[in-house]
């Protein structure tokens with residue numbers, strides 16, 4: 001695999017080579033990732049970083065930095081590995097739970113934490129769906145966490161209120177405008193996002209906005225790149 005990525009890093013179209021240079025510069029220019037020694041390959045717009053990262057949050061930072069580069073259609077994060085194997089699943093779950101409940105607003109919540117093969121699963125109910133992002137970052141900062149499965153539930157919310165919250169982000173009169181042109185509709189707890197955005201990062205942010213609304217049970221993210229290129233999603 002090391003050989004394959006090293007080969008890819010030196011090959012590809014001129015556009016891929018430009019993307020690789022921009023991604024490498026972005027990784028070096030961020031305080032959170034400047035100390036990493038990753039090999040970066042790009043094939044048909046898909047960024048392939050490979051090497052050691054400190055924790056899940058640092059891997060997420062690399063993915064986010066790459067996704068902000070216009071022209072990147074996907075990030076394959078499977079080549080990034082944790083620096084340490086980490087503690088047992090029981091110790092990981094205990095560490096995550098302890099850190100979460102040290103935050104006052106989560107202390108009275110019904111969040112439950114489990115871990116298997118380094119993947120943390122969060123269940124229970126939270127008062128505010130916007131907490132999801134912070135909870136993911138808390139989990140990602142714990143040694144040994146390799147992934148997060150968010151099965152948290154949020155308060156039931158009428159579709160018209162979900163739609164109103166979506167319009168407050170993606171509506172045509174909202175300032176500043178969300179990048180690109182996004183149509184967001186809500187039906188039965190499912191949000192559908194359609195349209196085009198300039199970057200992969202904008203697609204991800206749109207999805208996070210939708211997941212940050214109470215009552216949303218599923219997000220169908222159909223957004224494409226501004227060029228009309230279908231965005232390929234590579235699961236971690």
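Some points to look at:
- Rh (Kirkwood; distinct C-alpha pairs) - region 9-119, Å: 15.7
- Whole-angstrom gap from region 11-52 to region 55-105, using each part's C-alpha centre: 18
- Among beta bridges that DSSP assigns inside the chain, antiparallel share in %, nearest 5: 50
- Projected label points at residue 183 and residue 110, each 7 Å from Cα along the beta carbon direction, are separated by 3.8 nanometres.
- Each distinct pair of alpha carbons in region 89-150 adds a 1/r term; the inverse of their mean, the Kirkwood radius, is 11.4 Å.
- Here the calculated FRET efficiency for residue 15 and residue 99, from their Cβ-Cβ distance with R0 = 41 Å, stands at 0.45, rounded to the nearest 0.05.
- Cα-projected label distance for residue 221 with residue 169, points at 7 Å along beta-carbon direction, nm: 1.0
- Once Rg and the Kirkwood radius are both taken over the C-alpha atoms of the chain, their ratio Rg/Rh works out to 0.99.
- Shape call, region 159-225: gyration tensor on alpha carbons, a/c limit 1.5: oblate
No lab work stands behind these numbers, since they all come straight from the coordinates. Please read all numbers here as calculations on a predicted model, not as lab measurements. Heads up, the Cβs are rebuilt from the backbone with ideal geometry, glycines too, and the neighbour counts pull from every protein chain shown.
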